[in-house]
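Nothing in this text is a laboratory measurement; each read-out follows from the coordinates by a stated rule. Quick caveat: nothing in here was measured; it's all calculated off a predicted structure. Positions of Cβ are generated from backbone atoms using ideal geometry, with glycine treated the same way; all protein chains shown enter the neighbour counts.
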Amino acid sequence: MFRAIDKFLTKILGPKDSALREWVESIFIAAVMAIFIRTFMIQAFKIPSGSMRMTLLEGDRLLVNKLRYGPKIPFTSYRLPGFGRPQRGDIIVFVYPEDPARDFIKRLIALGGETVEIRYGDIYIDGQLIEDPRINNTYYYNKGTYGGVGEKVKVPPGHVFVLGDNSASSHDSRYWGFVPEGNVVGRAELIYWPLNRMRLLLHF
């Protein structure tokens, strides 16, 4: 098979040491590597809205780590092993459950099996106040079907509950519910553009 491919390339592009063939092969290898990295390792995203202010601003460009939770195999529901599972406080990119053509970015607040409540602007999980500084530096508003006053919401197994840091202007789990873990693309790690905002995102 490889001999047939080599013969075909030689016919079209010339011998192996020809400049044209070396140039085409270099471009092809670079393209394959770029697709592999984007699919299984790291993907760039641009922030389209202010729902994560002031952590993330409109126009920020991020690198999202797909290896952290394990990359999905394209066109299947299977996921390769990762280095860990999504954790509370992580900033995650996920496929929006109500429109699979769109990716959202929010902060993970509650895991499957936990009960979450927004009380006087704070987050309570299973009745306990969350004191994680990544979470409790935001005032969370009681809004939506799953975020009303006195509403205690049980997160189904295999799902997560997410909120935007800019609670007053975020379309998040309060309105449309839960994110299946299978929809999670990866964890946001780095703002790389604009240069004056370049920094690692806090995940501990």
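Entry note, the chain: the mean residue ellipticity at 222 nm calculated from DSSP H runs of n ≥ 4, each adding -39500 (n - 2.57), is -6000 deg cm²/dmol after division by the residues and rounding to the nearest 500.
Dipole size of the chain about its Cα centre, with +1 on Lys/Arg Cβ and -1 on Asp/Glu Cβ: approximately 580 debye, rounded to the nearest 20. Comparing Glu58, Glu181, Glu25 in a Gaussian network model of the chain, where Cα atoms under 10 Å apart are tied by springs, the biggest mean-square fluctuation is seen for Glu25.
The amide H of Ile123, built 1.01 Å from its N in the peptide plane, has Ile130 as neighbours under 5 Å, considering only residues 5 or more places off or on other chains. Largest GNM mean-square fluctuation among Leu190, Leu108, Leu129, using the chain with Cα springs under 10 Å: Leu129. For the pair region 23-45 / region 105-147, the C-alpha centres are spaced 39 Å from each other. Here the spin labels are modelled as points 7 Å beyond Cα on the Cα-Cβ line, and at Ser169 and Met198 they lie 2.8 nm apart.
For the chain, the residue among Ala30, Ile47, His171 whose Cα projects farthest onto the positive side of the dipole built from Cβ charges is Ala30. Listed from fewest to most Cβ neighbours within 10 Å, the set Thr115, Thr76 follows the order Thr76, Thr115. In the elastic network of the chain, a GNM with C-alpha springs shorter than 10 Å, the most mobile of Asp60, Asp132, Asp165 is Asp132.
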